[in-house]
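The values are calculated or read from the model by the stated rules, or taken from the named source; none is laboratory data. Please read these numbers as outputs of a predicted model, since none were measured by experiment. Quick reminder, even Gly has a Cβ in these numbers, built from the backbone with ideal geometry, and neighbours come from all protein chains shown.
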Amino acid sequence: MIVADSSVWIDYFNGRNARETDLLDSYLSRQEILVGDLIVAEVLRGFREEKELLTARSLLAVLPAADMVGRSIAEKSAMNYRRLRRLGFTVRKTIDLLIGTYCMEHDHELLHSDRDFDAMRLLGLRTL
């Protein structure tokens, strides 16, 4: 299964043409995209107009959903952060660390446009 990070969804809803948004559009029409609770929160918080918010919410609501964080993922995320720091990399946003760890633990591929995930590939994160 593919998880699209909020970085891609935000670009997608803003109409930005990029390789990642093209891939998302393609996957939406032919394959399931998993939407995590953390991603929903990040995406929906950014809308200024109620109409756009409702449209995005409707689209996200029809996709398979997952609760991404529990104690196990939280602890594994902390360990992943520590491993990356020892290797000389710092993941700037905790939420990205949680999403990346969730994807690794559930063998999902991540579609993103956020450099925080690049270092996580060293730990086994599969990205598109």
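Results, tabulated for the structure shown:
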item: Residue within segment 25-36 that is closer than 17 Å to Met120 by Cα and touching a residue at least 60 places away in the same chain (Cβ under 8 Å) present; result: no
item: Any hit, segment 109-117, residues being modelled with pLDDT of 95 or more and either surrounded by fewer than 17 Cβ atoms within 10 Å (Cβ to Cβ) or in a helix (DSSP H, G or I) (or both); result: yes
item: Which numbered condition Arg82 misses (of (1) part of a helix (DSSP H, G or I); (2) touching a Phe, Trp or Tyr at 6+ places or on another chain (Cβ under 6 Å)); result: (2)
item: Criterion violated by Pro64 - all others in (1) touching a strand residue (DSSP E or B) at 6+ places or on another chain (Cβ under 8 Å); (2) closer than 19 Å to Arg126 by Cα; (3) in contact (Cβ under 8 Å) with a residue 40 or more places away in the chain satisfied; result: (2)
